[in-house]
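The values are calculated or read from the model by the stated rules, or taken from the named source; none is laboratory data. Nothing here was measured: the structure is a model prediction, and the numbers come from that model. Please note: Cβ atoms are built from the backbone with ideal geometry, for glycine as well, and neighbour counts cover all protein chains shown.
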């Protein structure tokens, strides 16, 4: 039987490796919350990021979308754990995340 990390252990990991993410990741894992943010890559390319709980592994998933007006209906989503996402795109540490909704102009009805 494998050992799963506790919420406290994984939250400490996020605080150590990704300053400022501990409070948000604890909310995601404990309260099933979701956070959304936008990373502007170029003037015409936005990367939308949803941070959602991965209950099976007691971690946080980062789901990447290409910036469309309805991001949840776009194709080509990329899923990975938040720590891997931070290694691929360290700029996501600078994003302002909003709880429970996409930032403008990407709000989903």
Which residue is surrounded by the most Cβ atoms within 10 Å (Cβ to Cβ), if the candidates are limited to the stretch 21-48 and must be at pLDDT 90 or above and touching a helix residue (DSSP H, G or I) at 6+ places or on another chain (Cβ under 8 Å)? 35
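Being in a loop (DSSP other than H, G, I, E, B), surrounded by 15 or more Cβ atoms within 10 Å (Cβ to Cβ), in contact with a helix residue (DSSP H, G or I) (Cβ under 8 Å, 6 or more places away or on another chain) and modelled with pLDDT under 85 is the filter here, so list the residues in the stretch 54-109 that pass it.
Going through the stretch 54-109, the residues in a loop (DSSP other than H, G, I, E, B) turn out to be 55-58, 67-70, 74-77, 89, 95-97, 100-109.
From what's left, surrounded by 15 or more Cβ atoms within 10 Å (Cβ to Cβ): 67, 89, 95, 97, 102-103, 106.
From the residues that got through so far, the ones that are in contact with a helix residue (DSSP H, G or I) (Cβ under 8 Å, 6 or more places away or on another chain) too are 97, 102, 106.
Within the stretch 54-109, 106 is the sole residue that qualifies.
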